[in-house]
Structures are given as structure tokens and as C-alpha cells.
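The values are calculated or read from the model by the stated rules, or taken from the named source; none is laboratory data. Because the structure is predicted, anything quoted here is derived from the model rather than measured. Note that each Cβ is placed from the backbone with ideal geometry, even for glycine, and that neighbours are counted across all protein chains shown. We work out accessible area using only protein heavy atoms, side chains counted, and drop any ligands, DNA or RNA first. Shrake-Rupley method; radii C 1.70, N 1.55, O 1.52, S 1.80 Å.
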Amino acid sequence: MDNIIYFNAIKKHQEHNFDILCLFLGESLWGDVASFYSALEESLKSCEVLPDGITVFYPESRKSDISLYWQNTDLLEGFKNRLIKNNVKYCNVFYFVEMNSENFIINSALSTSDSLIKLTLDDITEFYKNGLTQLTRKNDVVHIAPAGHTFKHPSGKISKLFIQTRELVSTETELQYTSRGLSLLTDEVNWADVETIYIDTMGIYPIVKEAVDFTKSAARIESFHSYDSIEDLNLPSNEYLVIISASTSGSMAKNLLSRGFSSKKIITLIDIDCREGASQVFINLKTTNTINELNKIDGSETDIELVGEQFSYKAKPPKQITIGIAHQPINLKTILKNFGITGINNINQKLDDIHKTPVLSLKSASLNSSELFKCWLKKELNWSLPSAVNTIVHNVDEPSKILAGNIKKLLQESSSHYENIKIVNSNDLNFESLKKCTGVIVVCAFAGDGGVLRQISRDLREFEDSVIPRHFLIGVGIPQSMKSWIRLEQFLIRNASKRAYNFSAWQVLPLGPDNLKNSWTELANLASVVQNYKCETDEHADCFDELVEVISKSQNSLLPNTKGATLKITSGFVFFGDVFDSKITQVTQSDTLLTIASALQAAREHKDPNNCLTPTSYQSVIISPENFLRFNDDILQACILRSSTFSELDYSSDQHLSELMSEFLYKVFTRHEHPYGYAALEFAAALAVGKLKIKKEVCDKLVEHSLSNKNVSSKSLKGFLLAISYGIKNKKL
């Protein structure tokens, strides 16, 4: 929803960190009471755990509306029911903060607090500032120069950092949030008295104009165009304000000070540090981790010259990455040895335990029967488990329940101390189940990015009388990225004491973003569109029918070859090594897809910039066409197409790459009845949904020549090519 902004902030109290969900309600939200509660529910869905409190920022003009809405008993109770789990109400704190042209005002008539969480205006101010820094991250305001490069700023300074303030707001609500914060969070500025506001770039004009309107100021806004015209800016005789879009050195503010301007009348919207005595800083990046991520400059870098707020990175050709042994995931072979062939579920298999249908999932039987895992588990319990543990809490799924039982058995065999250890289902957590708990081990057989574990952690904190030892134990982690897994660990081990909770996992294998799941969704959407599409001829209609049929039969697999046979792997695949040497014919599509997906994610997270598949703001990165020649098994080519992101297969910015891919695709399409072209349907499907992109004129020529070639006889293949020819890939899928 574009009419709300929501984010999480922390309220500290007596060594406890309380999670506060903050909402800013934009002017366009206030249609009716249903819109108000929809906004609250939408923000609540974004929370990984239920918040301890909710703070709502709203404009002064909506004071009567919000009072009326909050008194709607039915909708209010319905919303509060979403804050209850296992008959326990987690969120008892609600603060409503009115924003007028001069202050934040806590609406005491609507707000409620408890004995632990009492918010002050200082807390409210810090929350609002936290929302601004989160907005800089959301909208990619701060750019870090890629490896081997630096930014040359208009001031002449060389830096690894470039701040693009004009990107701070992308919606009307974000504009309102930023501008009202600008007027309320800047000290010693009486906006009503200001007659002239000087800005260094027109990129920030909307932000400043909105602040002027909000404060009912009559100030005139003038741009002095950064360093080009700063020397022409004379000290005015009337009340003024100078607003600098961004700074990494404070040089512009210092220049103005040297010519008589007052530091109290200079505001820098975004800076990397506090500039006391030089200017007020609206958003201080020192409060984030951005500055800590910068590498030192050694003088050998290539400069990216900045002109105002512009840089010309798109002139660079895309960087090509060839996937190879350097991208071998660390834990892949162990996973394949323990789960390969029989231990990985079919593609898109529904898991009744968790009521989800992940693209790739592992079987619990293979985990609990693995000798390697059993050995690791025994050592982990002996070496790392706190002696105070007397309770095992497991996730609600069956694999975790079995693992919890195995852990209890191992503990009881190791020591009589654990004779009375009990097992608790995470859904049954309450004050009674944890009444005599002195230490907890939280068990989860398989975990993704850890939403369930975060909720269990939140529940434990709610029901424990005091901070007690806790150990999170995971069998296999299958997150989207290693970065998200590290964030999960950092979240789980923190507590109100000076000691960290324990956290351990046997194996972790990141599989990449949700585009893997989307690969099947996109094809289903394509089939839905072409199913009712009016074709020019009956022959074309037949081809579309074949396209729909082949997609419908491939809900749990890759698309077959044009003969209807399943795509299969052959020996010699570099990432398999010797794991399947004698069983290569038994290897499943799930085994291969998991391997390719994990290898591509390892490439995205590779530390060497020359091998890293992640793009920067200054250069796109693509999977080199050479990969489709190196990995020439049909199933490997298909898995690369499925596991890649749209940008990684976008060759449309380069004429040479487009022609190279077109030449390769033409050979695949015209030889679709031979092993070289068995992945023809997958390539054609990727083109049809717009995932694989080449220049339009090159693509049109490829489709025309392929359809006219007598060797392209498959109706389903023609169906995909005709979808491109009809322009269906450009329709909203």
C-alpha cells in the first residue's frame, strides 16, 4: 500500500529490547474506516514476530477521523485478535502521535501503555529518525563504489560513497513523511519566518516544497546549482535557510560559513557524520552500518566522475560471469551425499506438516537416518548444551518433533541429569508449560530464513520469568542467502543479558531468491493468457493448446524435451564430483535443480568481484552465454534458466551478446529432436515470459526464422515462439 509507511523500531528498558511497529498514515489513506484497519493489518503482516507495541503517526487534520475509527468496536476487536496467540495478547501498547506544523503530540486519550513500555517524545523522535534511515536503505539512496572504483565528487573529493538524495522519496506518502520530518526535526528553524530557501540541486525541490507547504511558510525556493554557482550566492539580508542535499565531507557547509552564513541556518539532508558548528544534519548515516562497510582507498582505483547527482554507469557493458568450480557451495557435497536421489522431495511437492509447497525440500527420514548428522548431533549436545536445559521446544512440523525425541533420548542416555527433561510443541508455549523451565533447547529440523524460529524466540521471551539459557539447534538451513542466515543468527542469540544464546546448525545451503518459485508461476500465467487468446489460424490455436498442455503436465517438473521425455543428467557434472558416479541414472531433477540453484547463489555471494554474480548500480552482471555451452546437458541448461533472476539473463543491452544468444537459440530450436536441443522448450519458455531477453529486433528475427524452418516441427515449441510473435510476453501475466 503506497498510502502508508511502516517500519520497526526498538525501545530499550532495563536491558530489554522491545519491538515497536511504527506506522505513518499518508493523506491519501483516509477514505473510510476499512482503509484504516487494512493499513494496520498490512503493516502487521510485514512483522516477522508480533510487536510489543504499535505507534501510529497521523496528520493533525485527521485527529477526529482517527478517534472515530479507533472507537469502531467490531473492527478494533478484529484487529486486536490478530495480536493474540495461544490466548495470550502480545501487544498491549498503542501510541497515537499527532503531527502539526510545530511538534509531535502524543494523543493521550487514545494511547495506552503498560508498566514496562512507556514512550516519551524523545522515544517518538528517535523512532521517526529510524524510519528515515530505513527509507534510505529501501530506496537505495546510498551507493558504494564497486571494487576497484571510487567516486570523484563535484567538490573534488575522492570517496567510496555517493549519496543520491533525490531517490529518498518514491511515493507521495514517502514525500510527506520525509518533508514533515524535515520541518519537525530541525532545531532552531522557524519555518514561518523564513523568506528565502536556497537549495543546491533541484532534485530535492519536492521535499523542500512539501515542507514549506506543511509549515504554511511563504518562503521562496531558489537553487544555486551546487558548486557551479555557489560563489555567486551572496549572504541575504532577509531570513533565509540553506539546504544541502548531501555531503560526505561537509565542504559545502564550510564554504558557506567562510562567507558569513550561519551554521544554524544550514541543513544537510543526508551526511555521514554530525557537523556540529557547520550545519544541522537531518539524516546521519553514522547511525547505520553503511560507513563501516567501506573499504579503504589505496590510490589504484578508477574514478567514476559525478556531475551533480548523475553518473553514467550504463555506458559500461555488462560483466559476464562463467559458473565454475570457484562457485562450489561449501556444504553442497555433504547435502548430496546425505539427501541425494532419495532424500530430496519432488519439485513443488506439498508438505502437509507445514502447509506449504516449496520448490525444493528435504525429507526428514534422510536427516534422522544420516550417520554424519547423528555424529554431529551427539557432539553438539555434549559440547554446547547448557547444563540448565530441562525443556525441549520443537517446531510444529513432524520432522522437528522426531528430532526433538531423538535429542531427548541422547540426553537421557548421556546423563541421569536429563531424566525429567520434557518436550513442548511450540504451539503449546505458555506460562504453564514453562513454569519450572530453567533452560531451553529449541529444535527445528529444517529452516528457511527463520520466520518460525523468530516467532518461537518471541514466544519464549513472553512466557519466561527471567532470561534463562537457550540453545537453537537446526538440522539443515535452506535460506535464500547466507546474509539472511547470518541476520537470523544475530537476531536469535541476542537477549537482555550480557551473554549470547547458543545457535548451531549442521548444514546450511542457500538456494537463492524467490525467483525459483516464480519460474513455475510465470509459466502458469502464460498458459492462462494463451488459453483464451484469439489466434489468426487454427494451426496457431493447436500450437497454443499444445503449449498449455505441456505446461499443465509440468507442474512438478521441468518442461520435457519435444518428444515428451524427461530431461536427465549425464555423468561428468562438475558440482556432483564423485557423489553419484555409480548412480547417475538415478539422479532426480530435484537433485540437479538444488545443485544449480545453490551454485548460482554462491556466485551471487562470492567475495571476489571478478566471480561475483551480483550487479552494482554502475554495472549489470549477466550469466555468460558460455555457460550454456559449458553445461551442455539439457537439464543443466534448464536449471540455469529456472534458477536465474531476470537481470542475470538480460542480454538486451548489448548487440553482440544478443546476436550470440540468438545464434545459439536458433541452433537449439532447429535441433530440438536431438540431444543438443532437448532443452528447446525451456529456452523458448524463458523467452516467452520475458525472463531471457535479447534485443527486440534480434528476437523478432530469431522467432521469424525459427518458425519458418521446417526442422521446427514441435507444436508446443511453436506455441512458445508464437506467443512471442503475438507479443503475449509483453502483456501483464
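Data for the structure
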| quantity | calculated |
| --- | --- |
| Rounded FRET efficiency, nearest 0.05, which uses the C-beta distance separating LYS435 from SER46 and R0 of 30 Å | 0.35 |
| Computed accessible area, PHE104, all protein chains, 1.4 angstrom probe, square angstrom | 20 Å² |
| ³J(HN,Hα), Karplus 6.51/-1.76/1.60, whole Hz, each residue of the stretch 162-172, x for Gly, Pro | 9, 10, 10, 4, 5, 7, 4, 10, 10, 10, 4 |
| Phi-based couplings in Hz for the stretch 4-15 (Karplus 6.51, -1.76, 1.60; Gly and Pro marked x) | 9, 10, 9, 7, 10, 10, 10, 10, 8, 8, 6, 6 |
| Beta bridges by DSSP in the stretch 1-106, antiparallel share as percent, to the nearest 5 | 55 percent |
| Residues with amide H under 5 Å from that of ARG220, placed H, sequence gap 5 or more | THR196, ILE197 |
| Links that overshoot a 21 Å alpha carbon limit, given the list LYS216/LYS265; LYS356/LYS378; LYS12/LYS129; LYS138/LYS607; LYS408/LYS436; LYS63/LYS85 | LYS356/LYS378; LYS138/LYS607; LYS63/LYS85 |
| Extension gain (nm, one decimal) between THR73 and THR585, 0.36 nm per residue minus Cα-Cα | 178.0 nm |
| Sum of side-chain charges, ALA541 neighbourhood, beta-carbon under 11 Å (Lys, Arg +1; Asp, Glu -1) | -4 |
| Environment charge at GLN176 (Cβ cut-off 14 Å; Lys +1, Arg +1, Asp -1, Glu -1) | -4 |
| Longest DSSP-loop-exposure-free segment, GluC sites (Glu not before Pro), the chain, at most 11 other Cβ within 10 Å | 537-733 |
| Signed unit charges on C-beta, dipole axis of the chain, positive-most listed residue SER251, LEU488, SER620 | LEU488 |
| Span from the the stretch 228-283 Cα centroid across to the the stretch 577-653 one, whole angstrom | 49 Å |
| Dipole magnitude of the chain, debye to nearest 20 (Cβ charges: Lys/Arg +1, Asp/Glu -1, about Cα centre) | 2040 debye |
| Estimated vicinal HN-Hα couplings, Hz - the stretch 453-467 in sequence order (Karplus 6.51, -1.76, 1.60; Gly, Pro = x) | 5, 4, 5, 4, 4, 5, 5, 4, 4, 5, 9, 6, 5, 8, 6 |
| Which labelled figure in [x] 47, 39, 26; [y] 60, 46, 23; [z] 104, 82, 19 is semi-axes √(5λ) of the Cα gyration tensor in Å, once derived from the coordinates | [x] |
| Solvent-accessible surface ranking, highest first, for HIS705, HIS540, HIS417 at 1.4 angstrom | HIS417, HIS705, HIS540 |
| Straight-distance crosslink candidates among aspartates and glutamates, where the alpha carbon sits under 17 Å from LYS568 and sequence neighbours closer than 8 are dropped | ASP581, ASP591, ASP633, ASP634, GLU673, GLU682 |
| Ranking by accessible area, most exposed first, for SER571, SER43 with a 1.4 Å probe | SER571, SER43 |
| Sequence of MET202, MET482 when ordered by accessible area, the most exposed leading, probe 1.4 angstrom | MET202, MET482 |
| Neighbour cut-off at most 16 other Cβ (10 Å), DSSP loop, chymotrypsin sites (Phe, Trp or Tyr not before Pro), the stretch 645-681 | PHE646 |
| For the chain, calculated [θ]222 nm from helices alone, where every DSSP H run of n ≥ 4 adds -39500 (n - 2.57) | -11000 deg cm²/dmol |
| Magnitude of the charge dipole, the stretch 636-686, Cβ model with Lys/Arg +1 and Asp/Glu -1, debye to 20 | 200 debye |
